[in-house]
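Written out below as structure tokens is the structure these notes cover.
We did not get these values from a lab; they are worked out from the coordinates using the rules stated. Quick caveat, the model's predicted, so the values are computed rather than measured. In this analysis, Cβ positions are derived from the backbone assuming ideal geometry, glycine residues included, and neighbour counts consider all displayed protein chains.
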Amino acid sequence: MSTLAHVLEAAGLSTVVLASMRDVVERMHPPRALYCEFPLGRPLGKPADPDFQRDVLMHALALLEAEAPVIADYPEVIVAEEVPMACPVPALLDGDLPPCVEEAQGLRAAYDRALARRGVTSVGRVIDADGVPAALEVLHRWGRGSAWTEDPLPGKNTIAVCLDIRTYYEEAALELVDGPPPGGRQVETWFYEETEGGRTLMAARGALRDQEAPFPFWFYMAPGHR
């Protein structure tokens with residue numbers, strides 16, 4: 001966005017960048033930037049709070065009167081919620097299946113309810129809900145040392161498969177959670193730290209790294225900060 005701001009300014013349009021990472025705008029030097037210390041993915045701070053969001057925008061627009069270049073700080077800091085959301089997962093009963101496979105199968109009823117209620121799903125980049133258990137079974141084997149070159153993953157694209165698995169879990173989980181919707185980081189933390197599916201994915205990712213699989217192949221199976 002900082003680069004785009006320079007392009008627009010050269011064309012005669014005044015710009016203000018809403019910055020989530022101060023070091024980026026300090027390097028890129030956009031003409032005007034409002035640094036907002038908010039969780040990534042929330043450029044206006046608080047979801048469903050129009051008064052707060054309007055205040056952020058008003059602080060940004062006020063910079064149009066400032067002499068460029070300038071980086072201003074929004075006065076309120078919002079710390080990302082890292083506490084996992086509270087969501088029950090089905091009990092594991094069948095010792096013959098990998099725990100992640102049994103867990104995913106146990107979440108299917110909640111996923112189906114979510115799909116029926118919303119009428120749409122984001123699962124399906126390369127595998128559908130029916131393919132999630134099979135994909136997890138392969139990731140389970142990878143995490144235990146199976147060679148990824150000899151044990152193919154359904155859908156083949158590791159990044160897209162892992163996104164489908166995570167989406168499947170999250171859509172099912174949100175059907176099970178009571179109260180207001182949890183924050184994005186809370187849902188992410190729940191998946192990677194509280195579920196067998198998330199732990200399996202991370203174990204497979206680590207195994208691929210140790211096997212020196214190509215960099216993009218394994219790295220983006222999970223958010224980069226993990």
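Please work out which residue is surrounded by the most Cβ atoms within 10 Å (Cβ to Cβ), limiting yourself to region 187-202 and to residues that are of a type in the set (Phe, Trp, Tyr) and over 13 Å from residue 168 (Cβ atoms). Steps first, answer last, please.
Within region 187-202, the subset of a type in the set (Phe, Trp, Tyr) is 190-192.
Then drop every residue that is not over 13 Å from residue 168 (Cβ atoms), which leaves 190, 192.
Numbers: 190: 22, 192: 19.
Only one residue tops the list, namely 190.
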(Q) With the requirement that a residue be touching a strand residue (DSSP E or B) at 6+ places or on another chain (Cβ under 6 Å) and either of a type in the set (Asp, Glu) or more than 17 Å from residue 75 (Cα to Cα) (or both), what does region 17-61 give you? (A) 25, 30
Q. Considering region 122-143 alone, what residues qualify as being within 27 Å of residue 95 (Cα to Cα) and in a loop (DSSP other than H, G, I, E, B)?
A. 127, 128
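Residue by residue, here is whether (1) touching a residue at least 40 places away in the same chain (Cβ under 8 Å); (2) of a type outside the set (A, V, I, L, M); (3) assigned to a loop (DSSP other than H, G, I, E, B) holds:
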residue	(1), (2), (3)
90	no, yes, yes
95	no, yes, yes
100	yes, yes, no
103	yes, yes, no
109	no, no, no
113	yes, yes, no
116	no, no, no
120	no, no, yes
